[in-house]
Amino acid sequence: MPVSTPGALLYVGDGHAAQGDGELNGNALETSMEVEFTVDVIPGRRAPGPRVESATHIMAVGLDGSIGDAFRDATANMAAWLEQKYGLTPSEVAEDKVSEVADRNAGVVLKINKERLQALPPAASPK
(Lines give C-alpha, C1' and ligand atoms only; values in the text may rest on other atoms or scores of the structure.)
Protein backbone atom coordinates (compact mmCIF):
# COMPACT_ATOMS: atom_id res chain seq x y z
CA MET A 1 0.00 0.00 0.00
CA PRO A 2 1.31 3.45 -0.73
CA VAL A 3 2.18 5.69 2.20
CA SER A 4 2.05 9.38 1.34
CA THR A 5 2.05 10.98 4.80
CA PRO A 6 5.06 10.89 7.15
CA GLY A 7 4.14 9.06 10.37
CA ALA A 8 0.94 7.65 8.85
CA LEU A 9 -0.91 4.92 10.73
CA LEU A 10 -2.61 1.84 9.26
CA TYR A 11 -6.38 1.35 9.30
CA VAL A 12 -7.72 -1.95 7.95
CA GLY A 13 -11.43 -1.18 8.02
CA ASP A 14 -14.39 -3.08 9.35
CA GLY A 15 -14.67 -6.87 9.42
CA HIS A 16 -17.05 -8.64 7.06
CA ALA A 17 -18.02 -12.23 7.76
CA ALA A 18 -19.72 -12.51 4.37
CA GLN A 19 -20.45 -10.23 1.46
CA GLY A 20 -20.19 -12.30 -1.68
CA ASP A 21 -17.87 -11.03 -4.39
CA GLY A 22 -17.85 -7.45 -3.17
CA GLU A 23 -19.75 -4.82 -1.23
CA LEU A 24 -22.09 -3.82 -4.03
CA ASN A 25 -25.10 -2.43 -2.19
CA GLY A 26 -23.58 -1.09 1.04
CA ASN A 27 -24.58 -4.16 3.02
CA ALA A 28 -22.37 -6.89 4.40
CA LEU A 29 -22.50 -9.20 7.39
CA GLU A 30 -20.26 -7.12 9.64
CA THR A 31 -18.55 -8.69 12.62
CA SER A 32 -15.67 -8.19 15.00
CA MET A 33 -12.50 -10.03 14.02
CA GLU A 34 -9.22 -11.00 15.56
CA VAL A 35 -6.50 -11.09 12.91
CA GLU A 36 -2.72 -11.13 12.77
CA PHE A 37 -0.66 -9.72 9.93
CA THR A 38 2.75 -8.21 9.32
CA VAL A 39 3.50 -4.87 7.73
CA ASP A 40 6.89 -3.95 6.30
CA VAL A 41 7.77 -0.41 5.22
CA ILE A 42 9.96 -0.48 2.12
CA PRO A 43 11.59 2.95 1.75
CA GLY A 44 12.06 4.22 -1.80
CA ARG A 45 9.42 1.90 -3.33
CA ARG A 46 6.20 3.49 -4.53
CA ALA A 47 2.97 1.82 -5.56
CA PRO A 48 0.11 3.76 -7.16
CA GLY A 49 -2.48 1.96 -5.01
CA PRO A 50 -3.13 -1.05 -2.77
CA ARG A 51 -1.73 -4.38 -3.95
CA VAL A 52 -2.65 -7.81 -2.63
CA GLU A 53 -0.98 -11.16 -3.17
CA SER A 54 -2.71 -14.43 -2.36
CA ALA A 55 -1.54 -18.00 -2.88
CA THR A 56 -3.02 -17.96 -6.40
CA HIS A 57 -3.25 -14.36 -7.64
CA ILE A 58 -1.65 -10.94 -7.66
CA MET A 59 -4.29 -8.19 -7.38
CA ALA A 60 -4.24 -4.44 -7.86
CA VAL A 61 -7.01 -2.42 -6.24
CA GLY A 62 -8.53 0.80 -7.57
CA LEU A 63 -10.66 2.90 -5.23
CA ASP A 64 -12.30 6.07 -6.46
CA GLY A 65 -15.59 7.93 -6.74
CA SER A 66 -16.83 6.04 -9.83
CA ILE A 67 -16.47 2.58 -11.32
CA GLY A 68 -14.73 4.04 -14.38
CA ASP A 69 -12.14 5.87 -12.29
CA ALA A 70 -11.64 2.85 -10.00
CA PHE A 71 -11.14 0.62 -13.07
CA ARG A 72 -8.54 3.03 -14.48
CA ASP A 73 -6.79 3.15 -11.08
CA ALA A 74 -6.66 -0.66 -10.81
CA THR A 75 -5.43 -1.00 -14.40
CA ALA A 76 -2.66 1.58 -13.94
CA ASN A 77 -1.65 -0.05 -10.66
CA MET A 78 -1.44 -3.54 -12.26
CA ALA A 79 0.44 -2.22 -15.30
CA ALA A 80 3.05 -0.61 -13.04
CA TRP A 81 3.37 -3.82 -10.98
CA LEU A 82 3.78 -6.03 -14.07
CA GLU A 83 6.38 -3.72 -15.54
CA GLN A 84 8.28 -3.37 -12.25
CA LYS A 85 8.32 -7.04 -11.22
CA TYR A 86 8.15 -8.91 -14.54
CA GLY A 87 9.30 -6.42 -17.17
CA LEU A 88 5.97 -6.72 -18.99
CA THR A 89 3.77 -4.21 -20.69
CA PRO A 90 0.07 -4.38 -19.72
CA SER A 91 -0.85 -6.93 -22.40
CA GLU A 92 -1.48 -9.89 -20.07
CA VAL A 93 -5.02 -11.20 -19.70
CA ALA A 94 -6.45 -10.14 -16.37
CA GLU A 95 -9.69 -10.61 -14.47
CA ASP A 96 -11.49 -7.60 -13.06
CA LYS A 97 -14.12 -7.62 -10.33
CA VAL A 98 -16.23 -4.82 -8.91
CA SER A 99 -15.41 -4.96 -5.21
CA GLU A 100 -17.45 -2.09 -3.84
CA VAL A 101 -20.21 0.33 -4.75
CA ALA A 102 -21.20 1.66 -1.34
CA ASP A 103 -21.84 5.18 -0.13
CA ARG A 104 -19.76 7.39 -2.43
CA ASN A 105 -17.07 4.77 -2.95
CA ALA A 106 -16.39 2.50 -5.89
CA GLY A 107 -13.78 -0.25 -6.00
CA VAL A 108 -12.35 -2.51 -8.69
CA VAL A 109 -9.85 -5.35 -8.21
CA LEU A 110 -7.77 -6.38 -11.21
CA LYS A 111 -6.12 -9.78 -10.72
CA ILE A 112 -3.85 -12.15 -12.62
CA ASN A 113 -3.50 -15.83 -11.82
CA LYS A 114 0.09 -16.57 -10.75
CA GLU A 115 0.16 -19.62 -13.04
CA ARG A 116 0.34 -17.19 -15.97
CA LEU A 117 3.45 -15.60 -14.43
CA GLN A 118 5.38 -18.69 -13.28
CA ALA A 119 7.37 -19.13 -16.47
CA LEU A 120 8.49 -15.49 -16.49
CA PRO A 121 11.79 -14.50 -14.91
CA PRO A 122 11.61 -11.53 -12.49
CA ALA A 123 12.57 -8.22 -14.11
CA ALA A 124 15.97 -6.77 -13.35
CA SER A 125 15.99 -4.64 -10.19
CA PRO A 126 15.70 -0.90 -10.85
CA LYS A 127 18.98 0.93 -10.34
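Computed quantities for the displayed model
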| read-out | value |
| --- | --- |
| Simple spin-label estimate for Lys97 and Thr31 in nanometres, 7 Å along Cα-Cβ | 1.8 |
| Matching label, volume of the Cα convex hull per residue in Å³ computed from the structure shown, candidates [x] 138; [y] 101; [z] 234 | [x] |
| Unit charges on C-beta of K, R, D, E only; dipole of the chain, Debye | 680 |
| Positive-end residue, the chain charge dipole about Cα centroid, Cβ charges, pick of Ser66, Val39, Gly87 | Gly87 |
| Under 5 Å, built H, 5+ apart or other chain: amide partners of His16 | Thr31 |
| Virtual spin-label span in nm between Leu10 and Arg72, 7 Å along Cα→Cβ | 3.1 |
| Residues of region 58-80 with amide N under 17 Å of the 7 Å Cα→Cβ point at Leu117 | 58-62, 74-80 |
| 1.4 Å probe accessible area per residue over the chain, in Å² | 73 |
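The values are calculated or read from the model by the stated rules, or taken from the named source; none is laboratory data. Predicted, not measured: the structure shown is a model, and the values here were computed from it. Methodologically, a virtual Cβ is constructed for each residue, glycine included, from the backbone with ideal geometry; neighbour enumeration extends over all protein chains shown. Ligands, DNA and RNA are stripped out before the accessible areas are found, and what is left, the full protein with its side chains, is counted by its heavy atoms. Shrake-Rupley method; radii C 1.70, N 1.55, O 1.52, S 1.80 Å.
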